[in-house]
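The values are calculated or read from the model by the stated rules, or taken from the named source; none is laboratory data. Because the structure is a prediction, the values reported are computed rather than measured. Note: ideal-geometry Cβ built from the backbone for every residue, glycine included; neighbour counts use all protein chains shown. Surface accessibility is based on the protein's heavy atoms, side chains included, excluding ligands, DNA and RNA. Shrake-Rupley method; radii C 1.70, N 1.55, O 1.52, S 1.80 Å.
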Amino acid sequence: MRTLRLFAVMGLSFALAAGARAACVDPKCSDQKALDALRGEIAETCDCAGAPSHTKYMKCVRKAIKAAVKAGTLPKSCKKAVRRCEGDSICGREGAAICCELGGVGAIKARVVKKPNQCQGTLCQALPSAADACRPDATCAPLVRPFRTIQQVFTQSCALPTCHSAIARQGNLILESEELSWESLVDRPSAHEDAAEQGLLRVKSGDPDNSFLMRKLRNQGPGDAMPQGLPPLSDAIIDMIGDWIARGAHTTEEECPALPLGPETAAVSKEIDVRVGRHSGHVQTVCDDDPIGGDYQWKPEEPLEPPPPDEGIQLYVPKKDIPPGTEWETCYAFQVDWPAVAQAVGYPPNSLPAIKEQLYRMHQGSHHLLLYAYWGPNPTGWKLNEFFPCFAANCLEDNPDDCPPDANDWTLPIGGTQVAGTHYLVKYPEGVGLPVLRPDSVIIANLHYTNPFIPAQETYGEAWINLRFYKPGEFIALLDGIFAINYQDLLVEPFETKTMSRIWRPRSILSGQPADAAVFQLFGHMHKRGTLFDIDYVRNGACSVSGALCGRDEDCACRPYQSGCVEGQTCVRGPAAEDTRVYHTTRWDHAPVQDYPKPFLTVDRDEGLRWTCTMVNGVPGDPTRPPKRCHAGCNSCEWRAERNQCVFEREHCIGYVNLPCTTDDDCPEGRTCEEIDCNGPGGSPANRRCARVYDEGDPIPLVFGELADDDMCNMFGYFVRQEDVPKLP
């Protein structure tokens, strides 16, 4: 494995020396990373500078493309892009150069010229391909690579299972993903004692010479050279990292800002001949995945091909319209003939199958898909094969006939993701699965769709869910889940920002008991006003009075929803104390999913994971970031249709509860004395309580709720018990 990693890094080094190969795109190629990776391999193996002719160079290119497609590392849809971009190059063409010229209406024209006098613009001889060479002002693009390329180096040489991975966490540093690496490095103090004494930051933005990372790569100390136990990185790689730091150590998004095309994940539907970078200060960065200008046109996905009957089944959620500018969350329940499925898969009579993996396909606009299973005694209580309103898999107060009365007691999450998108595979480690517990078990799909597309257009939601099953005897270890939901802290006043956090201790969803967990997947879930989601591994710290697990003093602070909390507690850290970032994202939609290979991320029952999120309820003066507003049917604590008002007063509205009053004078500033029923519909007789009342259209506090206009701070994931890990292949 190390040999392969080193080969990949050497290939990247050669590609950097040969030129920036990241601007080649094709709207029909869905795997930009695979395209870039093959072009890097071509730069190493096809010898652009030494090719005897362009024809022979392209023969080498076609051979590399054929091998990559056969090996499954390059989609067939990317073949044309590689051929075009390598064909539009000076490789094997003696005396040729790339010419960058200004065309009509400010367009850039990049082409290969045989002689310098054929160019009416700028000659660019450093970069071999026209796809990579030109800046918007028709000058030559320098060899500048954004942080995305730096992360490739970290992934190949640093995030090894024994080093800077979430499993090993050497130096309390994890370099497994782009966002997590940047968050852990840039302007962060080093955990190395000698480096800390010298005041060194891991990466000091703008100053590579005083960045501890560069000292480790150059073997300048303190501490061992990096990568530890492996040959040093090439000078080209180290210089590339140093250049990135010198430019300010920006994120890829900062150096390669996306164009506004509607959703961030909008598909590109317009072909262009030349790909150029984007400006970042005085530097032109070659960016490989900016959306291309033009209106976004929504298109439905092709149906997901069902699995063979002896391997699995397909569940289908039919079309449901999403009018422009709207969203919905709803549920759809299925009752499966599980004994018949088991027989088709090869199980003996009177047996039930075990789920091995789940594959989802949804159209653009999908925000999440969560899958639940009801194992209880009243399966006929579900509204089957029809949409019904729900919150997660729970029926709402006004539609109890859609679910059995014991739904909450017997319904368990068994899969799902915030990044359902167009194709998402929920695959467990080999041998890990979830057995079907009853022959009449019901599966419930919870879907959330939005339609923010520009220009406004009609779209619809739809979903295909493939369930595959283990063959008899293959199922070894029971799947368990992390569904940690923070709603108690989530109340953010208009035009304010709030960061909230809680600590999850391993506890089985299936049994309800504490467990030593081996986590193999984690991801965060927020809605559109969420700006940050972090997960930290915490151990060997205790609050000074309560003894609760902590990693920092903030973990011991009193919360509004707590009773009997002791003010002023501190976090007492033991000799093995650790508080290490293992997940980081700034994305509210299509947040990354972090996988941990065997032996997985171990979290003992006396350890924990802190999940933290930040919500911004509107930015004054910025119409693109409005606060939540009171509107008909909004998910506040109560909507009063007769007065077109949102009222906050019930117990789940933290800060607005249990304040009896006679007149408005009895209430704190900003609240009025309202006649309300604190126990909700059907509760005790109405009485007067202090409440906040907002007219329709007023900015209102941000609260926990199911739609994107509300918000969430949820941590999801999957684990197996640590004692089961040795049994797995």
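Would you be able to tell me the number of residues in the stretch 479-500 that are open to solvent by 20 Å² or more (accessible area, probe 1.4 Å) and either closer than 21 Å to residue 412 by Cα or outside any loop (DSSP other than H, G, I, E, B) (or both)?
Adding up the residues that qualify gives 7.
Condition check ((1) surrounded by fewer than 17 Cβ atoms within 10 Å (Cβ to Cβ); (2) outside any strand (DSSP E or B); (3) modelled with pLDDT under 75) across all residues:
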| position | (1), (2), (3) |
| --- | --- |
| 636 | no, yes, yes |
| 643 | yes, yes, no |
| 651 | yes, yes, yes |
| 654 | no, yes, yes |
| 662 | yes, yes, no |
| 668 | yes, yes, yes |
| 679 | yes, yes, yes |
| 689 | no, no, yes |
| 692 | no, no, no |
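Which of the residues spanning the stretch 44-55 are loosely packed, with under 14 Cβ neighbours inside 10 Å and either in a loop (DSSP other than H, G, I, E, B) or of a type outside the set (Ser, Thr, Tyr) (or both)?
49, 50, 52, 53
Sort out which residues of the stretch 601-634 are out of contact with any Gly (no Cβ under 6 Å at 6 or more places or on another chain), at pLDDT 85 or above and not in a strand (DSSP E or B), and write them in order of number.
The answer is 604, 605, 606, 607, 617, 618, 619, 620, 628, 630.
Check 509, 503, 535 and return the single one that is of a type in the set (Val, Ile, Thr), in contact with a Leu (Cβ under 9 Å, 6 or more places away or on another chain) and outside any strand (DSSP E or B).
509
Taking the residues in the stretch 540-581 that are touching a strand residue (DSSP E or B) at 6+ places or on another chain (Cβ under 8 Å) and acidic (Asp, Glu) as candidates, determine which candidate is nearest to residue 503 (Cα to Cα).
555
Mind counting the residues in the stretch 696-705 that are assigned to a loop (DSSP other than H, G, I, E, B) and open to solvent by less than 40 Å² (accessible area, probe 1.4 Å)?
Result for the stretch 696-705: 4.
Considering each residue of the stretch 368-405, count those that are aliphatic (A, V, I, L, M), surrounded by 15 or more Cβ atoms within 10 Å (Cβ to Cβ) and assigned to a loop (DSSP other than H, G, I, E, B), and give that number.
2
Filter the stretch 443-458 down to the residues that are touching a Cys at 6+ places or on another chain (Cβ under 9 Å) and over 18 Å from residue 590 (Cβ atoms), then identify the one that is surrounded by the most Cβ atoms within 10 Å (Cβ to Cβ).
Residue satisfying both the conditions and the ranking: 444.
Against the definition (part of a loop (DSSP other than H, G, I, E, B) and either under 29 Å from residue 430 (Cβ atoms) or modelled with pLDDT of 95 or more (or both)), how does residue 598 come out, yes or no? Give the steps one after another, and end with the answer.
On the way: part of a loop (DSSP other than H, G, I, E, B): yes; either under 29 Å from residue 430 (Cβ atoms) or modelled with pLDDT of 95 or more (or both): yes.
Against the criterion (part of a loop (DSSP other than H, G, I, E, B) and either under 29 Å from residue 430 (Cβ atoms) or modelled with pLDDT of 95 or more (or both)), residue 598 qualifies.
Looking at 473, 512, can you tell me which residue is without any contact (Cβ under 8 Å) to a residue 24 or more places away in the chain and open to solvent by 40 Å² or more (accessible area, probe 1.4 Å)?
Numbers: 512 fails: open to solvent by 40 Å² or more (accessible area, probe 1.4 Å).
The match here is 473.
Just name the residue that is modelled with the lowest pLDDT out of those in the stretch 522-532 that are open to solvent by 10 Å² or more (accessible area, probe 1.4 Å) and assigned to a strand (DSSP E or B).
This residue is 531.
Filter the stretch 123-159 for residues that are of a type in the set (S, T, N, Q) and within 28 Å of residue 214 (Cα to Cα); which is modelled with the highest pLDDT?
The qualifying residue modelled with the highest pLDDT is 151.
Report yes if residue 171 is of a type outside the set (A, V, I, L, M) and assigned to a loop (DSSP other than H, G, I, E, B), otherwise no.
no
Looking at the stretch 549-563 only, could you name the residues that are touching a residue at least 12 places away in the same chain (Cβ under 8 Å) and not in a strand (DSSP E or B)?
550, 551, 552, 553, 554, 555, 556, 557, 559, 560, 561
Only residues in the stretch 126-140 that are farther than 21 Å from residue 42 by Cα and of a type in the set (Lys, Arg) count as the first member; pair them with residues that are part of a loop (DSSP other than H, G, I, E, B) and at pLDDT below 75, Cβ under 7 angstrom, at least 6 apart or cross-chain, and list the lot.
Qualifying pairs under 7 Å: 135/141; 135/276; 135/277.
Got a number for residues in the stretch 308-328 being open to solvent by 20 Å² or more (accessible area, probe 1.4 Å) and in contact (Cβ under 8 Å) with a residue 40 or more places away in the chain?
Qualifying residue count for the region: 14.
For the stretch 343-360, indicate whether the set of residues that are open to solvent by 50 Å² or more (accessible area, probe 1.4 Å), part of a strand (DSSP E or B), out of contact with any His (no Cβ under 7 Å at 6 or more places or on another chain) and of a type in the set (Ser, Thr, Tyr) is non-empty.
No; the residues of the stretch 343-360 include none that is open to solvent by 50 Å² or more (accessible area, probe 1.4 Å), part of a strand (DSSP E or B), out of contact with any His (no Cβ under 7 Å at 6 or more places or on another chain) and of a type in the set (Ser, Thr, Tyr).
Does any residue in the stretch 194-216 that is over 15 Å from residue 181 (Cβ atoms) and open to solvent by less than 60 Å² (accessible area, probe 1.4 Å) come within less than 9 Å, Cβ to Cβ, of a residue that is of a type in the set (Phe, Trp, Tyr) and part of a helix (DSSP H, G or I) six or more places away or on a different chain, and which pairs are these?
Filtered contacts from the stretch 194-216: 195/212; 200/212; 208/244.
State which residue is farthest from residue 247 (Cα to Cα) when the search covers only the stretch 160-198 and only residues that are of a type in the set (Val, Ile, Thr) and modelled with pLDDT of 80 or more.
174
Which condition breaks for residue 179 when tested against (1) in a loop (DSSP other than H, G, I, E, B); (2) out of contact with any helix residue (DSSP H, G or I) (no Cβ under 8 Å at 6 or more places or on another chain)?
Against the list (1) in a loop (DSSP other than H, G, I, E, B); (2) out of contact with any helix residue (DSSP H, G or I) (no Cβ under 8 Å at 6 or more places or on another chain), residue 179 comes up short only on (1).
Identify all residues within the stretch 62-85 that are of a type outside the set (Gly, Ala, Ser), closer than 18 Å to residue 32 by Cβ and either out of contact with any strand residue (DSSP E or B) (no Cβ under 7 Å at 6 or more places or on another chain) or modelled with pLDDT of 90 or more (or both); write none if there are none.
65, 69, 73, 74, 75, 76, 78, 79, 80, 82, 83, 84, listed by residue number.
Would you point out which residue out of 576, 542, 517 is open to solvent by less than 70 Å² (accessible area, probe 1.4 Å), touching a residue at least 12 places away in the same chain (Cβ under 8 Å) and under 29 Å from residue 417 (Cβ atoms)? Give the steps one after another, and end with the answer.
Working: 576 fails: under 29 Å from residue 417 (Cβ atoms); 542 fails: under 29 Å from residue 417 (Cβ atoms).
Within the list 576, 542, 517, the selection yields 517.
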